[in-house]
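This report refers to the structure that appears directly beneath it.
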Amino acid sequence: MPPSTHILTCALALAVTAVSLPAQTAAQSAAQPAANPYTIVSPPPVRAEHAMVVTVQHDASDAGVEILKHGGNAVDAAVAVGFALAVVYPFAGNLGGGGFMLIRTHTGPNQVQTRFLDYREMAPAAATANMYLDAQGNVIPGASISGYKASGVPGTVAGLCYTQKHFGKLSLAADMAPAIRLATDGFVLSADEARALHSANLGRFPVSAEIFQRNGNFYQAGDTFKQPLLAATLRTIARDPADFYKGDIARQIAAFEQANGGLITAADLAAYQVKDREPLTGSYHGYTILTAPPPSSGGIVLLEILNILSGYNLPTLGADRTPKQVHFITEAFRRAFMDRADYLGDPDFVSMPIQQMASPAYAAAWRKTIDDTRATPSKDLVRPAGFLPPPPTASATPHESTQTTHFSVVDSEGNAVSSTYTLNFGFGSGVTVAGLGFLLNDEMDDFTSKPGAPNGFGLIQSANNAIAPGKRPLSAMTPTIVVGPEACRPGPDLQCKPGKPLLVLGSPGGPTIITTVANDLISILDNGLNVQQAADAPRFHHQYLPDVLQVEKAFPLDVVDKLKAAGYTIKRNDEADEHNPGVWGDSEMIYIDPKTNTLLGGHDQRHSFGKAAGY
Ligand code: DON
């Protein structure tokens with residue numbers, strides 16, 4: 001349920017329209033580099049007059065534009081992208097995973113609808129709370145990350161087909177045509193894409209090793225990668241989407257799982273359901289923030305961060321990534337992540353104080369605990385009393401991980417789609433279903449394997465995220481749409497036009513997803529960076545525990561020194577660390593200039609093969 005205190009009513013919007021848009025947004029069109037303490041030269045954002053698609057892989061972006069040009073709306077294009085990424089970005093694009101799609105579409109003159117399609121994976125019926133523990137009660141290393149037992153029941157096919165059916169304009173077959181073509185005819189691999197297919201995770205499983213690695217005769221840059229089995233699976237889905245859950249595909253998945261010790265059964269697949277949820281709604285500087293509700297933690301943590309920061313005038317403290325700004329933003333991250341740790345899980349299984357967490361009064365109380373100049377050690381943090389119920393007692397730790405993908409679409413009617421979906425780790429469980437040609441997720445790892453034990457990311461969560469049959473693991477994925485104020489004509493018959501979408505954004509990156517989205521939003525709305533500059537700016541992340549401020553390798557050293565002097569422990573990620581190669585995330589954003597309606601696309605340059613494509 002959206003936090004009622006934050007819903008922008010027509011009357012409130014009337015007041016908001018009297019306030020001019022933040023001056024910083026004017027910088028979007030000017031594309032002037034701000035005086036920031038880092039030197040990254042960003043190309044100008046890609047401009048389009050009608051529609052735009054931004055994804056991590058250029059063929060997928062082109063697939064979306066192709067559908068838009070054939071008369072599809074933003075949802076058709078997003079469905080086309082979702083299926084295309086399953087072909088051209090097997091690292092995270094998928095049929096065997098799950099995700100979220102936030103849509104805002106026009107349903108009539110001056111009418112919009114916002115929906116949040118939750119097609120997150122579900123734990124199979126045979127899953128148990130202790131399934132990844134050995135006889136001594138210790139976590140079995142890797143058991144929830146790699147192999148046949150690591151997968152939840154996939155939701156992507158159901159999610160994309162449901163969204164297409166209810167909100168698209170074209171047919172499913174039309175929207176899937178580019179993906180089928182890319183799988184059948186192949187696509188040309190760049191050097192980075194070919195290198196990614198060397199993954200040890202794929203090499204461990206025979207079907208994956210055969211399809212993605214030609215059993216050791218690895219693909220090279222410039223090779224055309226064809227996937228005939230995946231093409232056949234896609235054709236079957238295009239003809240009859242129910243086949244994946246109740247037909248031959250379902251029977252093949254179940255037989256494959258049974259033969260290899262996996263848990264997913266035909267009954268699990270038949271029982272899978274998309275959840276059509278209300279997005280969370282908040283506000284920041286007069287803009288409406290539409291974002292992800294549970295089972296993602298992303299939206300509520302983002303709203304808490306923004307609510308806390310609403311009390312500061314960030315641009316007066318310095319430019320983007322200056323020590324003062326980073327200090328207050330980090331303190332907001334720390335506090336919001338403490339609440340994430342204690343309360344969140346699947347809303348269909350546990351109750352959570354979402355409304356209280358999103359309340360501005362609660363944020364104001366948190367703000368009072370922030371020292372103007374010094375870091376608050378996480379161990380000393382005390383939640384303001386009188387707002388939230390006591391958290392569940394047993395603390396637990398999930399593993400969060402390193403691959404996922406986000407894409408953004410805006411069409412010529414101003415319909416917007418923000419979608420993040422995932423296999424979890426790169427190439428998911430590493431397991432490709434024999435005869436069907438797609439990888440299965442390792443999303444079970446997002447659950448709590450064992451209460452109290454620290455995970456690779458050091459994230460702490462409550463028992464609300466324990467494994468249970470049919471439950472969805474807590475996510476950090478944060479697809480978000482920022483909407484401008486409603487335009488209201490005063491008078492006795494008050495008439496309002498819905499606000500125009502301003503920004504469509506999201507990122508992969510496990511827990512860093514939330515801080516990446518927050519950083520992008522602040523860079524754009526507070527600091528006047530354009531979408532490309534915001535995507536390129538060096539990232540910083542704090543998640544309460546461990547009490548470490550992580551910064552990307554391009555983060556300015558003099559700012560690091562000043563933050564250390566203010567009491568922060570800082571980890572500056574290093575290129576040489578293969579698990580943390582100095583960068584994280586992948587912002588794929590669209591900004592719609594409120595004055596000219598020109599679309600500005602920013603593709604994250606941390607990935608070499610993506611594209612902002614428009615017309
Ligand atoms: O749902 C989640 O939060 C994780 N499964 C996402 C993993 C992820 O973003 C890794 N990407 N870099």
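Counting only residues that are crowded, with 18+ Cβ neighbours inside 10 Å, of a type in the set (G, A, S), in contact with a Phe, Trp or Tyr (Cβ under 8 Å, 6 or more places away or on another chain) and closer than 21 Å to L202 by Cα, segment 223-275 holds 1 of them. Name the single residue that is nearest to the ligand (Cβ to nearest atom) among those in segment 416-436 being crowded, with 24+ Cβ neighbours inside 10 Å and not in a strand (DSSP E or B). Among those that are crowded, with 24+ Cβ neighbours inside 10 Å and not in a strand (DSSP E or B), it is F425. Cβ separations smaller than 7 Å between residues 6+ apart or across chains give the following pairs from segment 554-573 residues that are under 14 Å from F540 (Cα atoms) to residues that are at pLDDT below 95 and small (G, A, S): N573/G582.
Beta carbons closer than 7 Å, at least 6 apart along the sequence or on distinct chains, pair a first residue in segment 509-525 that is farther than 14 Å from A332 by Cβ and touching a residue at least 24 places away in the same chain (Cβ under 8 Å) with a second that is within 15 Å of the ligand (Cβ to nearest atom) and acidic (D, E) for G510/E400; P511/E400. Here L459 qualifies as within 16 Å of the ligand (Cβ to nearest atom), at pLDDT below 75 and closer than 20 Å to L303 by Cα. Working only within segment 104-162, note down all residues that are under 19 Å from the mean Cα position of the chain (by Cα) and of a type in the set (F, W, Y). Those that are under 19 Å from the mean Cα position of the chain (by Cα) and of a type in the set (F, W, Y): F116, Y119. Pairs linking a residue in segment 202-213 that is at pLDDT 95 or above to a residue that is among the β-branched types (V, I, T) and not in a helix (DSSP H, G or I), with Cβ atoms under 6 Å and 6 or more positions apart or on different chains, are F205/V431; V207/T432; S208/T432; I211/T432. Filtering segment 208-222 down to residues that are touching a strand residue (DSSP E or B) at 6+ places or on another chain (Cβ under 7 Å) and not polar (S, T, N, Q), which residue is surrounded by the fewest Cβ atoms within 10 Å (Cβ to Cβ)? In this case the residue turns out to be G222. Among the residues of segment 87-131, those that are charged (D, E, K, R) and either at positive phi or in a loop (DSSP other than H, G, I, E, B) (or both) comprise R120, E121. Answer yes or no as to whether G98 is closer than 27 Å to D346 by Cα, in contact with a strand residue (DSSP E or B) (Cβ under 6 Å, 6 or more places away or on another chain) and in contact (Cβ under 8 Å) with a residue 40 or more places away in the chain. Taking the combined requirement at face value, the residue satisfies it. Can you confirm whether R321 is crowded, with 23+ Cβ neighbours inside 10 Å, in a loop (DSSP other than H, G, I, E, B), of a type in the set (K, R) and in contact with a helix residue (DSSP H, G or I) (Cβ under 8 Å, 6 or more places away or on another chain)? Yes: the conditions hold for R321. If you go through segment 342-359 and keep only what is among the hydrophobic types (A, V, I, L, M, F, W, C), in contact with a strand residue (DSSP E or B) (Cβ under 8 Å, 6 or more places away or on another chain) and buried (at least 22 other Cβ atoms within 10 Å of the Cβ), you end up with L344, A358. Examine segment 352-359 for a residue that is in contact (Cβ under 8 Å) with a residue 60 or more places away in the chain, in contact with a Ser or Thr (Cβ under 7 Å, 6 or more places away or on another chain) and within 22 Å of S523 (Cβ to Cβ), and state whether such a residue exists. No. Taking the condition assigned to a helix (DSSP H, G or I), under 23 Å from the mean Cα position of the chain (by Cα) and either closer than 26 Å to S507 by Cβ or away from the ligand (no atom under 15 Å from the Cβ) (or both), does R367 pass? So R367 does not fit the description; no.
The values are calculated or read from the model by the stated rules, or taken from the named source; none is laboratory data. If you're wondering where the values come from, they're calculated on a predicted model, not measured in any experiment. All Cβ positions, glycine included, derive from the backbone under ideal geometry; neighbour counts span all protein chains shown.
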